[in-house]
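Heads up, the thing below is written out as structure tokens.
The values are calculated or read from the model by the stated rules, or taken from the named source; none is laboratory data. Note that this is a predicted model, so its numbers are computed, not measured. Cβ atoms come from the backbone with ideal geometry, glycine included; neighbour counts cover every protein chain shown. Calculation scope for accessible area: heavy atoms of the full protein, side chains included, ligands and nucleic acids excluded. Shrake-Rupley method; radii C 1.70, N 1.55, O 1.52, S 1.80 Å.
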Amino acid sequence: MNKRRTSLFFFILSMIFFYLPLLILVIYSFNEGRSSTWQGFSMKWYKELFLYSDNIWKAFKYSLIIGILSSLTSTLIGTLGAIGIHWYHFKHKNYLKVITFLPLVIPDIILGVSLLIMFATIKLELGLTSIFIAHTTFNIPFVLFIVLSRLGEFDYSIVEAAYDLGANEFQTLKKVILPMLTPAIVSGFLMALTLSFDDFVTTFFVAGPGSSTLPLRIYSMIRLGVSPVVNALSVLLIVLSIAFTLSTKSLQKYFVK
Amino acid sequence: MKKISSGSFYSIPLTLWMSVFFVIPMLIVLSYAFLTKGTYGGVQMIFTLKNFNVFFEPVFLKILFRTIYISVAVTIITVILAVPTAYFIARSRFKQELLILVIIPFWTNFLIRIYSWISILGSNGFLNTFLMKLGIIETPLKLLYNTGSVILITVYTSLPFAILPLYAIIEKFDFSLVEAARDLGATNSQAFRKVFLPNIKSGITTAILFTFIPAMGSYAIPKLVGGTQATMLGNIIAQHLTVTRNWPLASAISAMLILVTSVALLLFMRAEKKSKEVSDE
């Protein structure tokens, strides 16, 4: 069929487009030489990455710390907020909806710029704290919307049944609402972790000297064009993201059960 | 629905956090746009409108139009690639597996994806080396540092963001409607245009917004592969913020960027609302 073939063509085109550049990175990472001409198989860039690249690992550590802390914080705030927005009526609900929707639709550079200007105004020193604040801020709306969409499918009569059977509010939250929200909370957390680990632009503005996250480190490596270590690092990150993608699939299955 | 006593308690942390770290910073930016640059960076509390004069400077206008041009081009190419790709995945027997193929680049670091193109298009990159080996060219082609490379790489980084929402909506689409249209005498392309496209319109709108808005705010891609030829709005905002330290000017341009994207957003939302009303009739 005609349409089938057209869409297959575009699908293949997209996949070549996606994977050819990544494949070339993988090949180059095993290249003995520095340039793009093939000079024989070598693991030396991996050796350099794992043994002599302290600043990369330091940046990795910072990314990990900020990623985990900001994901935990945004998951907590976002989940509670979603429960609040979904089940309660209060005065400033529209204001709340707007300020949680807007960050999703304005360019991320704006958040970086405005936070930098605010931090300078209140004289907060730039560093891990300012990056943590920025990441939590852009993560919250994503967690919120993931949890809200789950709440939308949620059967409220179960909550009412819990009350009828004598559960108080805390018990209902702990024994009924939270367990049912677990898959969404887990996806929200993982989404936040990914966004935090990936963010360059916002971090670029709010990171002080000496608090480089992994994307900032990669950025300066690309700009300086130093060494093919960045190829090896790229392959490592691609492998990690594949492992992460596959594991979250099975993780989600586990939690949905 | 039963109301529970603690009311809006759950939303307090959310309200506080987003007010302090999102609303207030935005308000500061908007107000800085009307203040005067301090002698050593920072601001002086003197009201002025002269920051907005920049919007009449030819150099600025050129960058503004280039930013819009690049973002529109990126959006069109991305959506054209994404619709059939998402369609193919949604109609496939191996949905989950194919979807993972889209999610992997989506979760691969943004800068690594830019870098992979630098290693292809660079003057001694893969493509030039390859073409020279074959004897097709003698000197390396200048493939990077122009508008084209910025468009290409932005399409690359935004494609997953367009495919995923389109997939979500196409997957829910009832394809028996297309069959019905064909039974009633519609041709393939008529069924596509009159039945399929209107039904996936909200997916297309989301895909457009997820592509257009980040493109308008691009910073890293034009900085890394655009050279001086493809400077975009984000780059001059950063320049005024970090190099010339003219914060009121950076704020004024940021305010304009917020305005342009908000207008685009409102137009899209209105268009979608209208099309919904039409299809409901």
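Summary of values
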read-out: Test result for A:THR182, modelled with pLDDT under 95 and farther than 20 Å from A:ILE85 by Cα; value: no
read-out: Residue list for segment A:168-208, filter: among the charged types (D, E, K, R), touching a Ser or Thr at 6+ places or on another chain (Cβ under 9 Å) and assigned to a helix (DSSP H, G or I); value: A:GLU169, A:ASP198
read-out: Search result, residues across segment A:181-230 that are polar (S, T, N, Q) and open to solvent by 10 Å² or more (accessible area, probe 1.4 Å); value: A:THR182, A:SER187, A:THR194, A:SER212, A:SER220, A:SER227
read-out: Search result, residues across segment A:32-58 that are among the polar types (S, T, N, Q) and either out of contact with any Phe, Trp or Tyr (no Cβ under 6 Å at 6 or more places or on another chain) or loosely packed, with under 15 Cβ neighbours inside 10 Å (or both); value: A:SER35, A:THR37, A:GLN39, A:SER42, A:SER53, A:ASN55
read-out: Candidates B:ILE200, B:ILE170, B:ILE253, filtered to the one that is within 15 Å of B:THR67 (Cα to Cα), at pLDDT 90 or above, within 25 Å of the chain's Cα centre (by Cα) and open to solvent by less than 30 Å² (accessible area, probe 1.4 Å); value: B:ILE253
read-out: Single residue of segment A:100-116 satisfying the filter (open to solvent by less than 10 Å² (accessible area, probe 1.4 Å) and part of a helix (DSSP H, G or I)) that is farthest from the other protein chains (Cβ to nearest Cβ); value: A:GLY112
read-out: Test set (1) surrounded by 14 or more Cβ atoms within 10 Å (Cβ to Cβ); (2) within 13 Å of chain A (Cβ to nearest Cβ); (3) hydroxyl-bearing (Ser, Thr, Tyr) - B:THR147 fails condition number; value: (2)
read-out: Matching residues in segment A:1-33 - criterion: being at the interface with chain B (Cβ under 10 Å from one of its Cβ atoms) and assigned to a loop (DSSP other than H, G, I, E, B); value: A:MET1
read-out: Options B:TYR156, B:TYR167: the member that is closer than 20 Å to B:THR75 by Cα, touching a residue at least 12 places away in the same chain (Cβ under 8 Å) and at the interface with chain A (Cβ under 7 Å from one of its Cβ atoms); value: B:TYR156
read-out: When residues of segment B:29-43 are limited to those that are within 34 Å of the chain's Cα centre (by Cα) and not small (Gly, Ala, Ser), the one least open to solvent (accessible area, probe 1.4 Å); value: B:VAL29
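Rundown of residues vs (1) at pLDDT 95 or above; (2) exposed (fewer than 15 other Cβ atoms within 10 Å of the Cβ); (3) touching a Phe, Trp or Tyr at 6+ places or on another chain (Cβ under 9 Å), yes/no style:
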{"site": "B:LYS62", "(1), (2), (3)": "yes, yes, no"}
{"site": "B:THR75", "(1), (2), (3)": "yes, no, yes"}
{"site": "B:ALA82", "(1), (2), (3)": "yes, no, yes"}
{"site": "B:VAL102", "(1), (2), (3)": "no, no, yes"}
{"site": "B:ASN109", "(1), (2), (3)": "no, no, yes"}
{"site": "B:TYR115", "(1), (2), (3)": "no, no, no"}
